[in-house]
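These notes are about the structure you will find just below.
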Amino acid sequence: MTKDFQIGFVKNEVYKVEQFGNSFKLIDTQGTKVGTLGATTSTRKGAFNEGKALQAYINKNGKKTFRKVDMSVYNSLVIPMNTQDGGVQFEDNTDHTAIKDFIHQGSVNLKPTELVMTELKWKYLIRSAVRAKNIMMTGPAGCGKTMAAKALVKALDRPDFYFNLGATQDPRATLIGNTHFDKNKGTFFSQSAFVSAIKTPNAVILLDELSRAHPDAWNILMTVLDQGQRYLRLDEAEGSPIVKVADGVTFIATANIGNEYTSTRVMDRAILDRFVTIEMDVLTDEQEFGLLKYMFPEVNQDDLKAIAEIAHHTRTQSMSDSGKVTSMVSTRASVEMAGLIYDGFDLFESAEISIFPFFSPDGGVDSERTYIKQLVQKYVKDESGEPLFNEVDQEKDSEDDIPMF
Ligand SMILES: Nc1ncnc2c1ncn2[C@@H]1O[C@H](COP(=O)(O)OP(=O)(O)OP(=O)(O)O)[C@@H](O)[C@H]1O
Ligand SMILES: [Mg+2]
């Protein structure tokens with residue numbers, strides 16, 4: 001799929017319709033009259049009569065159209081947020097209805113179509129951000145944690161900042177800053193981008209791969225994330241300057257918890273307690289197939305189905321105590337595999353590149369690598385489209401699968 005546009009709603013292009021004499025004009029979320037923007041008369045008039053807003057929508061030909069959406073979508077972009085008691089509230093905090101409408105209706109259109117996540121979890125994600133909770137996305141590798149966190153950041157239309165804590169070796173420099181020496185100025189301190197981020201009111205700060213961060217990073221973040229403290233100390237020494245976290249700032253972290261990667265450190269209980277947790281679900285085979293079809297409509301569906309089933313099989317196997325494999329094919333790896341097929345590699349070649357390396361070759365014919373190769377082979381077809389391995393072979397395979405004691 002090499003479209004240079006994205007099908008779906010355009011996040012910020014939401015308009016209400018007002019009548020001026022005989023004509024219906026669009027008003028943007030700043031309150032400015034912007035004309036018709038190419039929306040047809042019947043669309044504008046229809047929205048006005050039904051009390052709906054119009055949101056820009058890119059159709060499958062890349063053309064911008066307008067679709068009716070609930071007024072709450074428009075209102076959510078107009079109403080500025082402020083903070084009270086550590087929780088972000090809408091300006092008129094007696095208007096609890098506006099908040100509920102945004103969570104339950106307005107936000108639904110803001111979820112990217114290609115993100116597979118239940119509507120309930122998406123709403124909970126939005127609700128946690130609106131209420132200025134610290135949010136932790138958990139789940140195994142490649143299941144969409146970073147994708148969901150980024151989608152939330154985009155949907156909220158607030159100042160956003162991204163920090164990958166898994167990649168940083170020097171937490172102090174990343175989170176606090178550096179002390180420099182200049183022969184004219186003497187010693188001076190340059191604050192980190194993180195310090196600027198926490199000083200920005202209503203910022204949404206993504207702390208990616210917090211579970212892989214250096215323990216020093218967790219220590220530094222402890223007071224920042226605590227709802228009762230919310231400050232960053234620039235130096236360990238007592239009495240050293242502190243930076244207060246601005247009102248309405250929300251943190252979203254991601255963590256691989258309970259997965260096979262040893263590089264993930266065991267996170268401190270105290271840091272985990274500072275977050276509400278949203279666990280990303282591992283996709284079912286139907287969901288995975290649906291996602292792959294959506295992403296690669298040009299690829300042969302049998303191949304996509306094979307990928308989804310192979311991935312699903314490794315997931316159920318790796319989660320069971322007596323499973324044949326100990327790691328799973330992630331959605332990231334499935335997407336990668338489908339992308340290779342799209343670019344002309346065959347099913348087996350794609351598997352060889354994107355999934356075999358995750359399975360250990362130790363043990364030769366009894367290894368996980370051999371098992372996964374045999375699994376993929378069952379889906380490989382010959383030129384006539386017939387499976388290379390017939391039922392008898394498969395039965396024989398499954399007999400071989402009976403564990404020996
Ligand atoms: N739930 C999902 N919905 C749609 N696409 C997904 C989903 N999960 C994974 N993907 C695909 O896999 C890719 C990797 O996902 P992402 O980076 O969000 O994983 P992650 O959970 O953050 O992994 P890691 O633990 O390695 O950081 C995405 O770019 C997307 O193509
Ligand atoms: Mg990630």
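The values are calculated or read from the model by the stated rules, or taken from the named source; none is laboratory data. Being a predicted model, the structure only gives us computed values, none of them experimental. All Cβ positions, glycine included, derive from the backbone under ideal geometry; neighbour counts span all protein chains shown. What goes into the accessible areas is simple: the full protein's heavy atoms, side chains included, and nothing from ligands, DNA or RNA. Shrake-Rupley method; radii C 1.70, N 1.55, O 1.52, S 1.80 Å.
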Original post:
Where a ≥ b ≥ c are the square roots of the eigenvalues of the C-alpha gyration tensor, would you call the chain rounded, which needs a/c under 1.5, or, failing that, prolate if a/b is larger than b/c, or oblate?
Top reply: oblate
Original post:
Can you give the FRET efficiency for Val10 and Arg131, using 1/(1 + (r/R0)^6), R0 = 25 Å, r = Cβ-Cβ distance, to the nearest 0.05?
Top reply: 0.40
Subject >> Residue-by-residue Karplus 3J(HN,Hα) for the range 240-246, coefficients 6.51, -1.76, 1.60, Hz, glycine and proline x >> reply: 6, x, 10, 10, 7, 6, 5
Original post:
Where the centroid of each part is defined by its Cα atoms, how far is the range 28-47 from the range 160-220 in Å?
Top reply: 44
Original post:
What residues qualify as long-range amide H neighbours of Glu13, i.e. H under 5 Å apart, gap of 5 or more or another chain, H built at 1.01 Å from N?
Top reply: Ala56
Original post:
In a GNM of the chain with a 10 Å cut-off on Cα contacts, which of Gly166, Gly139, Gly35 has the highest mean-square fluctuation?
Top reply: Gly35
Subject >> Extension gain, Ile353 back to Asp366 (0.36 nm per residue minus Cα-Cα distance, nm) >> reply: 2.6 nm
Original post:
GNM, the chain, Cα, under 10 Å: largest mean-square fluctuation among Ser330, Ser76, Ser190?
Top reply: Ser190
Subject >> Efficiency of FRET between Asp182 and Gln229 - r from beta-carbon atoms, R0 30 angstrom, step 0.05 >> reply: 0.35
**OP:** Per DSSP H run of at least 4 residues, take -39500 (n - 2.57); add these up for the chain, divide by its residues and hand me the 222 nm value, nearest 500 deg cm²/dmol.
**Re:** -10500 deg cm²/dmol
Subject >> Where GluC sites (Glu not before Pro) in DSSP loops with at most 10 other Cβ within 10 Å are excluded, longest remaining stretch of the chain >> reply: 1-235
Original post:
For the chain, with every protein chain kept in place, what is the accessible area per residue (1.4 Å probe, Å²)?
Top reply: 52
Subject >> Entries in Lys111/Lys154; Lys25/Lys68; Lys45/Lys100; Lys11/Lys199; Lys64/Lys111 that, when Cα-Cα distance is taken, lie over 21 Å >> reply: Lys45/Lys100; Lys11/Lys199
Original post:
For the residue pair Lys154 and Lys381, what label-to-label distance in nm results when each label sits 7 Å from Cα along the Cα-to-beta-carbon direction?
Top reply: 3.3
Original post:
Cα gyration tensor of the range 92-164, axes a ≥ b ≥ c as square roots of the eigenvalues: rounded (a/c below 1.5), prolate (a/b > b/c) or oblate?
Top reply: prolate
Original post:
Which one of Phe189, Phe275, Phe102 has the biggest mean-square fluctuation once the chain is modelled by GNM with Cα springs under 10 Å?
Top reply: Phe189
**OP:** Find the relative contact order for the chain and round it to a whole percent, using C-alpha pairs within less than 8 Å whose residues are 6+ positions apart.
**Re:** 12
Subject >> Sequence-distant lysines (8 or more away, or on other chains) whose Cα lies within less than 23 Å of Lys373 >> reply: Lys305, Lys324, Lys381, Lys396
Subject >> Three-way shape label, the range 137-241, alpha-carbon gyration tensor, a/c 1.5 >> reply: prolate
Original post:
Can you pull the percent of the range 271-359's accessible area that's carbon plus sulfur, 1.4 Å probe, other chains left in place?
Top reply: 49
Original post:
Modelled label-to-label distance, Ala193 and Val276, 7 Å Cα→beta-carbon offset: nm?
Top reply: 2.8
Original post:
Between Rg and the Kirkwood Rh of the range 147-197, both from Cα atoms, what is the Rg to Rh ratio?
Top reply: 1.16
Original post:
Out of residues 5 or more away from Asp160 or on other chains, whose amide H comes under 5 Å of its own, with H placed 1.01 Å from N in the peptide plane?
Top reply: Val204
Subject >> Karplus-derived 3J(HN,Hα), 6.51/-1.76/1.60, for each residue of the range 131-141, Hz, glycine and proline x >> reply: 8, 6, 7, 7, 10, 10, 8, 10, x, x, 4
Original post:
Using modelled amide H (1.01 Å from N, peptide plane; none on Pro or chain starts), what sits under 5 Å from the amide H of Val69, excluding residues fewer than 5 places away?
Top reply: Ala53, Leu54, Gln55
